[in-house]
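S.K.: Please read through the structure below; I'll follow up with questions.
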């Protein structure tokens, strides 16, 4: 049985952060993730750099509890 368990590092902001601020953060962070040094460091340490739009990221975050529930169910362990 294969289980998909990864540590995730995210750039998040408060729900009421103005969209221009979030967009500015993305404009600054995305190029940094693309630099060979940071990209290689992340992948060497088990990371998988992923660039997502705000709607894609929202769907990703919503889907995570379902993924975690699948892992708990596969392990036959009750959530705490």
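The values are calculated or read from the model by the stated rules, or taken from the named source; none is laboratory data. Note that the structure is predicted; figures quoted are calculated from it, not measured. FYI the Cβ positions are ideal-geometry reconstructions off the backbone, even for glycines, and counts take in every protein chain you see.
S.K.: Pick from 75, 34, 68: which is under 16 Å from the mean Cα position of the chain (by Cα), at pLDDT below 85 and surrounded by 10 or more Cβ atoms within 10 Å (Cβ to Cβ)?
M.R.: Only one candidate qualifies: 68.
S.K.: If you don't mind, another one. Evaluate the following for residue 46: is it over 25 Å from residue 22 (Cβ atoms) and not in a helix (DSSP H, G or I)?
M.R.: Taking the combined requirement at face value, the residue satisfies it.
S.K.: Scan the stretch 55-77 and report the pairs whose first residue is in a helix (DSSP H, G or I) and whose second residue is surrounded by 11 or more Cβ atoms within 10 Å (Cβ to Cβ), with Cβ atoms within less than 8 Å and a gap of 6+ or a chain change.
M.R.: 60/52
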